[in-house]
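Some notes on the structure that comes next.
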């Protein structure tokens with residue numbers, strides 16, 4: 001009984017052109033593809049053949065093909081293997097209109113602006129908007145010089161590689177059915193101030209009918225938060241306040257200043273660069289600055305500033 005179940009492997013062919021076909025025959029246009037599916041209740045893997053020759057490395061239950069030929073499959077079990085299935089003939093119709101595809105890519109960072117030294121993420125989403133299964137889907141993302149690649153998050157489908165010399169991440173997906181999407185999220189570290197524009201593109205084995213959505217750019221503003229080590233609140237109109245450059249990008253903030261003995265001498269929620277050390281002696285003070293990032297999380301920055309009251313004007 002077990003052998004009888006294993007010994008039968010049925011093939012179901014999905015003709016992607018949508019035209020009616022005879023059983024066990026599939027017609028596809030040039031550049032098109034067809035999915036063959038083997039069904040065997042107790043199979044561990046499958047061995048596919050084209051024109052009687054084994055297809056090395058193809059052991060999945062489904063086989064996406066774009067070449068003409070006669071295809072058969074054998075189910076492989078723990079104790080015995082099946083007979084060869086009935087053949088399916090795949091015919092490439094040279095008179096039909098060549099197959100085209102509409103691949104789309106979306107490319108988005110998790111936040112529009114980050115501080116130098118912060119880690120953020122890019123998310124790439126690829127969608128097959130066309131009516132055909134596509135193979136050899138390739139995504140390339142070139143990282144700008146302002147950021148450093150970190151690592152891939154989660155377990156996305158496909159093969160992913162990063163080249164430090166070219167700063168290029170490549171993502172290879174074997175095949176995508178009509179309407180199918182795939183997502184890749186990876187992290188990067190902000191290294192230098194400026195506008196970091198990361199370009200991502202998608203290609204496949206078929207000709208594109210809509211190239212407008214084959215590339216997308218993710219833009220991140222990398223901010224250098226510069227706090228001075230000294231300022232001179234002497235009323236001369238120059239350097240009279242403790243001004244932190246870049247703070248205006250983070251309106252949700254909190255700051256606390258302490259003297260050298262650890263006593264709190266100033267506290268403000270929503271600091272607006274307006275502390276002038278009024279009624280305080282010259283000396284060094286320490287601050288703890290908290291910033292709410294675009295993700296909603298808070299980041300803490302610590303440092304010191306020296307107050308110098310130069311009476312010469």
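The values are calculated or read from the model by the stated rules, or taken from the named source; none is laboratory data. Since the structure is predicted, the reported quantities are computational estimates derived from the model, not experimental observations. Backbone-built Cβ (ideal geometry, glycine too); neighbour counts: all protein chains shown.
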Taking the stretch 250-277 and the residues there that are touching a residue at least 24 places away in the same chain (Cβ under 8 Å) and part of a strand (DSSP E or B), the one that is nearest to residue 222 (Cα to Cα) would be 253
Within the stretch 220-240, identify whether any single residue is surrounded by 13 or more Cβ atoms within 10 Å (Cβ to Cβ), modelled with pLDDT of 95 or more and not in a strand (DSSP E or B), and answer yes or no.
no
Selection from the stretch 71-83 of residues surrounded by 15 or more Cβ atoms within 10 Å (Cβ to Cβ) and either closer than 30 Å to residue 205 by Cα or touching a residue at least 60 places away in the same chain (Cβ under 8 Å) (or both) yields 71, 72, 73, 74, 75, 77, 81, 82
Exercise for the section: Examine the stretch 71-86 for a residue that is closer than 30 Å to residue 184 by Cβ, part of a strand (DSSP E or B) and modelled with pLDDT under 85, and state whether such a residue exists. Expected result: no
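Scan 247, 280 and give me the residue that is in contact (Cβ under 8 Å) with a residue 24 or more places away in the chain, outside the structural domain of residue 187 (by TED's automatic domain parsing) and within 30 Å of residue 108 (Cβ to Cβ).
247
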Per the filter on the stretch 245-264, residues farther than 16 Å from residue 298 by Cβ and surrounded by fewer than 16 Cβ atoms within 10 Å (Cβ to Cβ) are 245, 248, 259, 260, 261, 262, 263, 264
Residue check: is residue 194 farther than 30 Å from residue 287 by Cβ, outside the structural domain of residue 34 (by TED's automatic domain parsing) and over 12 Å from the mean Cα position of the chain (by Cα)? no
Note on the stretch 265-277: residues surrounded by 12 or more Cβ atoms within 10 Å (Cβ to Cβ) and over 21 Å from residue 298 (Cβ atoms) are 265, 276, 277
Checked 54, 98, 112, 87 against criteria (out of contact with any helix residue (DSSP H, G or I) (no Cβ under 6 Å at 6 or more places or on another chain) and farther than 23 Å from residue 28 by Cβ); the one match is 112
Going through (1) farther than 30 Å from residue 128 by Cα; (2) out of contact with any strand residue (DSSP E or B) (no Cβ under 6 Å at 6 or more places or on another chain); (3) surrounded by 14 or more Cβ atoms within 10 Å (Cβ to Cβ) one by one, residue 208 fails only at (1)
